[in-house]
Amino acid sequence: ATGAVLDAVDTAMHAYRLSGRARVRLLRLARTLADLDDRDAVTPDDILEAAALRRAEALLG
């Protein structure tokens, strides 16, 4: 992972107060988003989108 991707992960971890397990789920969802866009690498935007989706899921229950 690039430095920018790791920075985005750290930002999401702190902003949403995510656990270690949530970090794994976040990365898995970001990988899925990249796959859906037919990209080989995860981008910081994938991380932030995954974090927003996970947060929305938590709020909606």
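Rule-based calculations on the coordinates, nothing more; no lab input. If you're wondering where the values come from, they're calculated on a predicted model, not measured in any experiment. Cβ sites come from the backbone with ideal geometry, for glycine too, and all protein chains shown count toward neighbours.
The table below lists the values:
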| item | result |
| --- | --- |
| Charged-residue dipole, Cβ positions (Lys, Arg, Asp, Glu), the chain about Cα centre, Debye nearest 20 | 460 debye |
| Net charge contributed by nearby residues that have their C-beta within less than 14 Å of E57 (K/R +1, D/E -1) | +3 |
| Sparse-neighbour loop sites [trypsin sites (Lys or Arg not before Pro); segment 1-30; at most 16 other C-beta within 10 Å; DSSP] | R17 |
| Neighbourhood net charge (10 Å Cβ-Cβ; Lys/Arg +1, Asp/Glu -1) for T43 | -3 |
| Read-out percent of Cα pairs over 16 Å apart, derived from the coordinates shown; its label in (1) 51; (2) 60; (3) 36 | (3) |
| Relative packing of peptides 5-15, 44-54, 30-40 - highest average C-beta neighbours within 10 Å first | 44-54, 5-15, 30-40 |
| Inter-probe distance in nm under a simple model that places probes 7 Å from Cα toward Cβ, at D40 and E57 | 2.8 nm |
| Around Y16: net Lys/Arg minus Asp/Glu count, Cβ-Cβ under 14 Å | +3 |
| Dipole of the chain [Lys/Arg +1, Asp/Glu -1 at C-beta], most positive-end residue of L29, A58, A8 | A58 |
